[in-house]
Amino acid sequence: MSTKNKKTGFDRRRFVRTSAAVTGGLLLVPELLSAKAFNSVDDAIKVGVIGCGGRGRGAAIQALSTSQNVKLVAMGDAFADRVENSHKQIEKAMTAKQKTDRLDVPKERRFVGFDAYQKVIALCDVVILATPPGFRPDHFAAAVAAGKQIFMEKPVATDAIGVRKVLEAAAIAKQKKLNVVVGLQRHYENVYQQWVEKLHEGVIGDITMSSVYWNNEGVWVKKTKCATGTTSTGFVATIS
Ligand SMILES: NC(=O)c1ccc[n+]([C@@H]2O[C@H](COP(=O)([O-])OP(=O)(O)OC[C@H]3O[C@@H](n4cnc5c(N)ncnc54)[C@H](O)[C@@H]3O)[C@@H](O)[C@H]2O)c1
């Protein structure tokens, strides 16, 4: 089946590149962007999201906001309330038409638990990986093994074993000609790229050392809910 949209002449592979670029100002990984056939039975590109927090929800909304033919078909999270809240918020962000045409995640395709990723991956063409980063290597490797197109958030791993796993899976993705995009948005910002060009042109002479800062109001911390009703900080499972 041709992947080209008859009206727009825009093929689905190109769409994924474009929509991925839209997803949170995401970054394309050029060496991994090459031909790949989709496996949908209909014409819509099926998107699944794993990790229904702020970024997963945001990336899903952005992916669904493209002009191309795309559908959210599966969602997965370790916690049921996350999936449900996220679904509600995605719904809220959609127009009535988008809701009908693009939001297609009935209860039976909302998966909960640490194996949710496997169920989501099985159902989609494009998978958004947006859990905390410690899970990324396993989720990425599973998505690559299943031959899916992938947008994954940064960081892509949290330790040396994870980094090696990601590199190995990335090499397989390359062999399989999968599209893989990582949310390193700054790398793709024109202003950053122009500055790098200038630096290479030597506008400030030879650079002998550099020190890099990111100035903002600090890293956000989410309060966890405890069985006792008290709260603490840190990554602890929610008990309610
Ligand atoms: N590119 C960017 O600018 C950018 C911005 C924000 C966050 N991020 C990255 O995106 C990722 C997610 O951040 P967030 O702010 O959305 O976090 P979040 O805590 O809001 O969401 C993470 C979600 O993943 C779920 N989860 C945890 N473990 C899981 C598992 N094993 N399987 C399925 N679901 C699981 C959690 O329950 C939660 O709902 C992080 O890696 C973060 O660094 C990137």
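The values are calculated or read from the model by the stated rules, or taken from the named source; none is laboratory data. The model shown is predicted, which means the values in this text are computed figures rather than measured ones. Heads up, the Cβs are rebuilt from the backbone with ideal geometry, glycines too, and the neighbour counts pull from every protein chain shown. Protein only, heavy atoms only, side chains kept; ligands, DNA and RNA dropped before computing areas. Shrake-Rupley method; radii C 1.70, N 1.55, O 1.52, S 1.80 Å.
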Q | Accessible surface, 1.4 Å probe, highest first, among residues R102, R136 | A | R102, R136
Q) How would S86, S67 line up by accessible area, probe 1.4 Å, largest first? A) S67, S86
(Q) To make sure I understand the rule: partners must be lysines, Cα under 16 Å from the Cα of K107, and not fewer than 8 residues away in the same chain. Which ones qualify? (A) K71, K88, K99, K119
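Would you tally the net charge around V182, using a Cβ to Cβ cut-off of less than 11 Å, leaving V182 out, and scoring K and R as +1, D and E as -1? Don't jump to the answer; show the numbers that get you there.
On the way: positive: R136, K154; negative: E153.
It works out to a net charge of +1.
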(Q) Rounded to two decimal places and with Rh computed the Kirkwood way over Cα pairs, what is Rg over Rh for region 96-240? (A) 1.06
